[in-house]
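Sharing a structure below in structure tokens format, with a few things to ask.
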Amino acid sequence: MTEDFAKVASLTELPVGGRKLVEIDGVRIAIFNLDGELHAIEDVCTHDGGPLVEGEVMNVCQVQCPRHGARFDIRTGAALSMPAFEATNTYAVEIDGDDVFVERPF
């Protein structure tokens, strides 16, 4: 794995439907396992900075901010409902054996 990725977990820590909060270079990143596919988004609601990792997962691929209800697409980071208008950042996820790596934020 290149220096552009950081080891953050093992696959056993992220069962289907699971989630995990990690920090890479001072950035909080939420990793979600959606039906066996891992996705990583910045753990911040762009409306007011709420923790997305604590939100309810809806419609298979959306997370709702627990503060004011803004929804984001976990796969793309796109803001799907008000009060959020801006997308949250997404990061590539790589698997090597049982190890989970996430792209470092730049």
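Any residue at all in the range 14-27 that is of a type in the set (D, E, K, R) and in contact with a Phe, Trp or Tyr (Cβ under 8 Å, 6 or more places away or on another chain)? Steps first, answer last, please.
Start the filter on the range 14-27 by keeping residues that are of a type in the set (D, E, K, R), which leaves 19-20, 23, 25.
When the remaining residues are screened for being in contact with a Phe, Trp or Tyr (Cβ under 8 Å, 6 or more places away or on another chain), the result is 19.
Yes: one or more hits.
Return the pairs, sorted by first residue and then second, in which the second residue is exposed (fewer than 11 other Cβ atoms within 10 Å of the Cβ), the first residue lies in the range 1-27 and is among the small types (Gly, Ala, Ser), the beta carbons are less than 8 Å apart, and the residues are 6+ apart or on different chains.
Ala6/Asp25; Ser10/Asp98
Can you give me the number of residues within the range 28-65 that are free of Cβ contacts under 8 Å to residues at least 40 places away in the same chain and open to solvent by 40 Å² or more (accessible area, probe 1.4 Å)?
Count: 12.
Can you list residue pairs whose Cβ atoms sit under 7 Å apart, with the first residue in the range 72-88 being of a type in the set (Phe, Trp, Tyr) and the second being open to solvent by 40 Å² or more (accessible area, probe 1.4 Å)? Count only pairs 6 or more apart in sequence or on different chains.
Taking only residues 6 or more apart or on different chains, the pairs are Phe72/Leu80.
The values are calculated or read from the model by the stated rules, or taken from the named source; none is laboratory data. Everything numeric in this text was worked out from a predicted model, so none of it was measured. Every residue, glycine among them, receives a Cβ derived from its backbone with ideal geometry; neighbour counts consider all protein chains shown. These accessible areas exclude ligands, DNA and RNA; they are computed on the full protein's heavy atoms, side chains included. Shrake-Rupley method; radii C 1.70, N 1.55, O 1.52, S 1.80 Å.
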